[in-house]
Amino acid sequence: MDFKALFSQLVSLYSKLTSSQKIVIGGAVATIVAFLIFLVVYTSEKSAQDNYKVLFDSLSSADAAKVIDKLEKDGVPYRIVKDNVIEVPQDRVYKERIAIASLGIPKDSGVGFELFDKQEFGATSFDQNVKYLRALEGELARTINALSPVDRSNVNLAIPKESLFVSKEVAPSASVMVQLQPDSVLSHKQIRGIKNLVAASVPKLTPENVTLINADGETLGDEDEMIAMSELSAMQQKYKSLEEKKRERKIVNVLAPFIGGKDRVVANVTIEFDFSQQSSTSEVFDPDSVVRSEQSVEEKREGSSPAPTGGVPGVVSNIGPVEGLESTKSQDKYTKNSTTTNYEISKTVSTTKGEFSKIKRITAAVVVDGKYRHTKDADGNDQDLLEYVALDESQLDAITSLVKQSIGVDEKRGDQVSVRNFQFETSKSMLQGEDTVGQISGFVSSYVEPFLPLLQYLLVAIILFIGYKKIILPFAERMLEVTKEEDSLEKPVLDFEDEEEEDLVEKAQQMRKKVEEQLGMNENYNEDELKHDVLIEKIKTIAEEKPEELASIFHALIQEELSGGNDIAKPPVKEGSS
């Protein structure tokens with residue numbers, strides 16, 4: 001790339017500009033340079049500021065004082081960005097953090113179940129219980145600190161010793177102190193959530209025994225019952241309003257096509273709800289007996305009774321029974337069967353909870369507009385004046401029936417619907433103006449709407465043409481005026497066109513060939529000598545034929561040499577010279 005040529009082109013272009021254009025371009029260049037300098041300076045300052053990183057944040061005042069004392073002793077530069085946030089140079093962050101943590105700072109950072117990572121030899125059960133209590137409190141505090149509105153928190157648990165006697169048992173309790181972020185407030189749901197969180201982490205702890213206070217010592221959640229009642233009441237009122245509006249829209253949507261528009265119907269619905277909820281438990285016994293268990297026992301026994309002791313004294317009695325004699329033992333048989341069947345009566349237990357609300361009564365008041373028609377003259381022709389015509393009883397009864405069916409009226413429940421017919425003041429004037437408006441809208445829909453796509457393109461073309469004529473063309477003409485003026489100043493006095501120059505060259509070549517043919521010269525000749533001879537001959541001819549013109553040429557050359565070529569004097573021409 002030729003930078004020298006590019007630079008010369010830029011210089012020539014800049015020299016052709018007007019003074020106002022030069023001022024605008026110079027100002028733009030100066031602004032860009034100033035902006036670049038600002039970016040460089042700002043970036044360097046920001047990089048210098050970003051060289052500091054956070055060492056500790058969310059420190060207590062005591063811990064922050066100890067950290068600053070340690071940094072000053074070590075000669076480490078630091079700065080305090082905001083409350084209890086300390087920053088040090090980036091290359092010293094990790095080194096100083098480890099050095100300060102080795103001193104046990106910060107102490108208020110809280111501990112959790114990591115206390116049990118290191119086992120202590122000889123620790124008693126009391127020590128273990130204290131460590132468990134500290135770990136549980138630390139874990140709860142960490143969990144509460146994770147909530148978005150909470151900045152810091154502290155949890156204290158009171159867990160009594162277990163007793164063998166139920167009458168001497170004491171329920172555990174807990175106290176929680178929360179420090180909120182600036183301009184932050186805990187809602188009722190968040191307060192209840194914190195209490196439930198703490199209660200669920202400790203056995204036998206209930207949310208009622210959890211006390212929650214803020215940094216100002218104010219107890220939070222004392223008005224839980226009142227807040228819950230107000231929230232329930234607000235929810236009930238919102239539900240009632242939504243149900244009434246829904247039924248009103250149903251009435252208007254049903255009657256609008258018949259009446260002539262939604263503006264000609266007014267409906268107001270009032271619903272009485274019963275928000276009391278009831279729960280019932282019922283037990284139903286089945287009269288048909290069901291066999292629960294059955295047991296059968298069967299006993300059998302068969303044998304003989306033992307022989308009686310005694311007999312006649314002598315040898316026969318001592319030696320036992322003699323063969324061939326009948327035995328005196330008696331035979332015995334025993335059989336017993338028993339069956340036990342247990343029957344059970346079946347039972348069904350059902351629990352029913354009442355719905356959120358129950359409709360006690362619905363009342364609806366509906367007002368509808370009548371009909372309008374043109375008055376007639378004596379000949380029976382329609383006039384522009386409108387007259388009101390009330391609805392008859394059959395039409396009102398039909399409207400009442402529609403309203404009842406649309407909102408679900410139950411007459412046994414005591415629901416009531418009232419429909420009245422009145423003249424609306426705005427309807428007559430609106431209908432009278434519909435004739436003119438209707439004519440205009442009909443004309444637009446018939447003759448204008450079909451050409452809307454074409455009109456859009458035509459409007460865009462007109463806007464572009466106006467912008468070209470009023471903005472682009474005048475600016476281009478101003479820019480071209482300067483270039484034309486400078487080109488006219490730089491244009492030489494004797495300006496030959498390219499075509500004329502080409503014609504002169506061709507004529508000179510033809511004359512040269514003609515001279516060569518007249519002199520009978522071939523290809524071997526001296527071109528310079530030929531030019532010299534031709535010029536000599538030409539000068540002689542001019543001197544003989546036109547001596548005055550030759551004298552005037554010499555006179556002009558002498559004057560141009562004397563005046564430096566600025567002015568060419570015109571020699572006097574004699575009368576009668578050709």
Quick check: is even one residue across the stretch 352-359 basic (K, R) and either modelled with pLDDT under 90 or in contact with a Phe, Trp or Tyr (Cβ under 9 Å, 6 or more places away or on another chain) (or both)? yes
Looking at the stretch 75-93 only, could you name the residues that are at positive phi and surrounded by 15 or more Cβ atoms within 10 Å (Cβ to Cβ)? N84
What number of residues in the stretch 333-373 are farther than 30 Å from V297 by Cα and open to solvent by 70 Å² or more (accessible area, probe 1.4 Å)? 13
Residues (open to solvent by 80 Å² or more (accessible area, probe 1.4 Å), at pLDDT 80 or above and either in a helix (DSSP H, G or I) or of a type in the set (A, V, I, L, M, F, W, C) (or both)) located in the stretch 185-235: V185, K189, R192, A200, E208, M235
Here are the criteria: (1) of a type in the set (D, E); (2) over 43 Å from the mean Cα position of the chain (by Cα); (3) at pLDDT 80 or above. Tell me which single one D91 does not satisfy. (2)
Inspect the stretch 392-412 for any residue being open to solvent by 60 Å² or more (accessible area, probe 1.4 Å), under 30 Å from K300 (Cα atoms), free of Cβ contacts under 8 Å to residues at least 40 places away in the same chain and not charged (D, E, K, R) and give the result as yes or no. no
Just checking, does the stretch 253-275 include any residue being buried (at least 16 other Cβ atoms within 10 Å of the Cβ) and of a type in the set (D, E)? no
Got at least one residue in the stretch 208-231 being farther than 30 Å from S357 by Cβ and in contact with a Lys or Arg (Cβ under 7 Å, 6 or more places away or on another chain)? yes
Could you tell me whether any residue of the stretch 94-114 is in a helix (DSSP H, G or I), at pLDDT below 85, open to solvent by 60 Å² or more (accessible area, probe 1.4 Å) and in contact with a helix residue (DSSP H, G or I) (Cβ under 9 Å, 6 or more places away or on another chain)? yes
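The values are calculated or read from the model by the stated rules, or taken from the named source; none is laboratory data. Quantities reported herein were computed from a predicted structural model and do not represent experimental measurements. Reconstructed Cβ throughout: ideal geometry from the backbone, glycine too, with neighbour counts over all protein chains shown. Protein only, heavy atoms only, side chains kept; ligands, DNA and RNA dropped before computing areas. Shrake-Rupley method; radii C 1.70, N 1.55, O 1.52, S 1.80 Å.
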